[in-house]
1. Of the residues that make up the range A:210-226, is at least one assigned to a loop (DSSP other than H, G, I, E, B), within 14 Å of chain B (Cβ to nearest Cβ) and of a type outside the set (Asp, Glu)?
2. Let me spell it out: the conditions are (1) touching a Phe, Trp or Tyr at 6+ places or on another chain (Cβ under 8 Å); (2) within 17 Å of A:Ala284 (Cβ to Cβ); (3) more than 12 Å from every other protein chain (Cβ to nearest Cβ), and A:Asn168 meets all of them except one. Which number is the exception?
3. Out of the residues in the range B:53-68 that are in contact with a Gly (Cβ under 7 Å, 6 or more places away or on another chain), in contact (Cβ under 8 Å) with a residue 40 or more places away in the chain and within 15 Å of B:Tyr98 (Cβ to Cβ), state the one that is nearest to the other protein chains (Cβ to nearest Cβ).
4. Considering the range A:325-353 alone, what residues qualify as being in contact with a Ser or Thr (Cβ under 9 Å, 6 or more places away or on another chain), of a type outside the set (Ser, Thr, Tyr) and open to solvent by 20 Å² or more (accessible area, probe 1.4 Å)?
5. Restricting to the range B:90-104, what's the tally of residues that are hydrophobic (A, V, I, L, M, F, W, C) and surrounded by fewer than 18 Cβ atoms within 10 Å (Cβ to Cβ)?
6. Mind listing just one residue for me: the one in the range A:86-110 that is of a type in the set (A, V, I, L, M, F, W, C) and over 13 Å from A:Asp58 (Cβ atoms) and, of those, surrounded by the fewest Cβ atoms within 10 Å (Cβ to Cβ)?
7. When the residues of the range B:105-134 are narrowed to those that are surrounded by fewer than 17 Cβ atoms within 10 Å (Cβ to Cβ) and within 14 Å of another protein chain (Cβ to nearest Cβ), which ends up farthest from the chain's Cα centre (by Cα)?
Amino acid sequence: MKKLVSLSLIAIAILAMNFTSLLAADSTRTSKLTIVKPDADNAGLKLPVGFGALKVADNLGKTRHLVVNAQGDIYTKIMGKVGSEKGIIKLHDVNGDGKAEEITSFGNYGGTGIAIKNGYLYASSDVEVFRYKLNEKEDVIDSKQPERIITGLKKGNQHETKSIALDNDGNIYVNIGAYSNSCQIEDRTKGSLGKMPCPILDSAGGIWQFKANMLNQSYPQGIRYATGLRNVVGLDWNSQLNQLFVMQHGRDQLHDLFPDLYDDKASAEKPAETMYAIKKGTNAGWPYIYYDPSMNKKIVAPEYGGDGKKESTDPAFSDPAIAFPAHMAPNGLLFYTGNQFPDKYKNGAFIAFHGSWNRAPLPQEGYFVVFVPFENGKPTGKWEVFANGFSGVEVVTGTRGAAHRPCGLAQGPDGSLYVSDDSKGTIYRIIYQKETK
Amino acid sequence: MKAIKIGVLTIAAFILINNQYSVASVQPGVPNIKASIARGKELYLLQCLACHQIDGGGVPHLNAPLDGSANVKGKDKAMLIKIVLNGLKGAEIEGESYSNVMASHKDLTDQQIADILTYVRNAWSNKASQVTVAEVKAVRAKLK
């Protein structure tokens, strides 16, 4: 009996703590301790010392990007064909154990992008962007009647997802991916040369800026904010630098398309996956160039007269802020501003690499979350694998062999890092368990 | 560079085998499915591997899987031949969409296409009848 009483006292205490944390839920929370317990196996993840992980929910479908509201509730966007009211899933942890007991959904469109800003939840399909007004708890007030703020975006047969990010001045940034690999006359066809100029860039292959609060905008109301970006899935607004950062998916199939210039190994290792610090007017150079991660140079694409070595001297094209190994498919980018993790993580970038397919016959790479430290507003270049083990296997030979594929990243009000998996629909929460000071 | 050499050797070997096979196939009896599968595997590694992957599993949402696919194992061989010849774009297969473009492979010979398809119909967990040169020839003639 005594034991029961003390247990229930502890339970009440935990609930009370949780309630307090809910009330004080914001990023300025000072406590570095979290009351949530990691799973015994850290949800299958390998993490740095002091970190733990738990599965918040599982088997949710193709969970792409996600966002956590001030209450710690998660909204995640489902990709592809979705059933009635199944486009956005909301996860609510009823008892404070970190697991989502209450799973609800709304929205009739598939898509990837989702974000919260200034009292609205923003979500994208592959052609439109909607927003839902939130109440003071950051719950959606009317899930049936969102405002359509952007419509008529270009959608091709590839790179069709629209990722979104918002700045602090009332603008929303939308990725419109190029519906092509390298703007060849015949897409992905051996030896086919590039179209000159690439006509795709007028309405895709870049980032467009729109107003966050204006209804039914399309290309005439938008600004092509950055161009020459083949496809961006992971992007984030860096509030410290007041600047947009994006992760580009580099082009595929150098060997398949130009076997005389690139062997299997060169094709597996080129081009780099690249991060760009975007300014209005940035041109990353696709499809004319790619970035070679071993030479650290912008190289003329073989479709446009390149021979695998010829450096681009065109001053129009920007250098990346940092380059990563090829084909790892960066799908999530998040600047960490929380207080839960040790100081070194503050204002650095987490990147979720979905994992490659375009390295065969060499083993596939990626399927992990990396951390990139930033100093004085620039990446140090010394990136490290932060969370690994999503694939569940030592070596991924075929993409199908990976159990989970990290896709979206989000930060919770207590500074926890959330990772979505769009293969099995698992939501991970990564926490730091030790006081740092 | 090494890979190119290997590729050249493979092609050379293929031509040799292929010539032998052509001679053999003139003789009465069933075409040798084992030899076709072996040639098809070599071609698969050169032509198909990048997208469809070593395990035939494809890439979710991008490149369709071949292993276990009802279409690949099915009776409609003409459809498979047509896909290799014409390529495929915006495919929706068994409720799943695949967004990468498959290029046309009409430059491959009838024999090569027959071998590749015979291989993918009999690789991994798949088991299905052979695709013959005559079948490829017939489909190609109709497309012209």
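1. For the range A:210-226, residues assigned to a loop (DSSP other than H, G, I, E, B), within 14 Å of chain B (Cβ to nearest Cβ) and of a type outside the set (Asp, Glu): absent.
2. It is condition (2) that A:Asn168 fails.
3. The selected residue is B:Asp67.
4. Matches in the range A:325-353: A:Pro325, A:Asn339, A:Pro342, A:Asp343, A:Lys346, A:Asn347.
5. Total meeting the criteria: 2.
6. Filtering the range A:86-110 for residues that are of a type in the set (A, V, I, L, M, F, W, C) and over 13 Å from A:Asp58 (Cβ atoms), the one surrounded by the fewest Cβ atoms within 10 Å (Cβ to Cβ) comes out as A:Val94.
7. Only one residue tops the list, namely B:Ser125.
Yes/no matrix, rows are residues, columns are (1) without any contact (Cβ under 8 Å) to a residue 24 or more places away in the chain; (2) out of contact with any Lys or Arg (no Cβ under 8 Å at 6 or more places or on another chain); (3) more than 30 Å from B:His52 (Cα to Cα):
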| site | (1), (2), (3) |
| --- | --- |
| A:Gln253 | no, no, no |
| A:Ala268 | no, no, no |
| A:Glu273 | no, yes, no |
| A:Thr282 | no, yes, yes |
| A:Ile299 | no, no, no |
| A:Phe317 | no, no, yes |
| A:Met328 | no, yes, no |
| A:Tyr336 | no, no, yes |
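The values are calculated or read from the model by the stated rules, or taken from the named source; none is laboratory data. Keep in mind it's a predicted model, so treat the numbers as computed, not measured. We place every Cβ from the backbone using ideal geometry, glycine too, and count neighbours over all the protein chains shown. Protein only, heavy atoms only, side chains kept; ligands, DNA and RNA dropped before computing areas. Shrake-Rupley method; radii C 1.70, N 1.55, O 1.52, S 1.80 Å.
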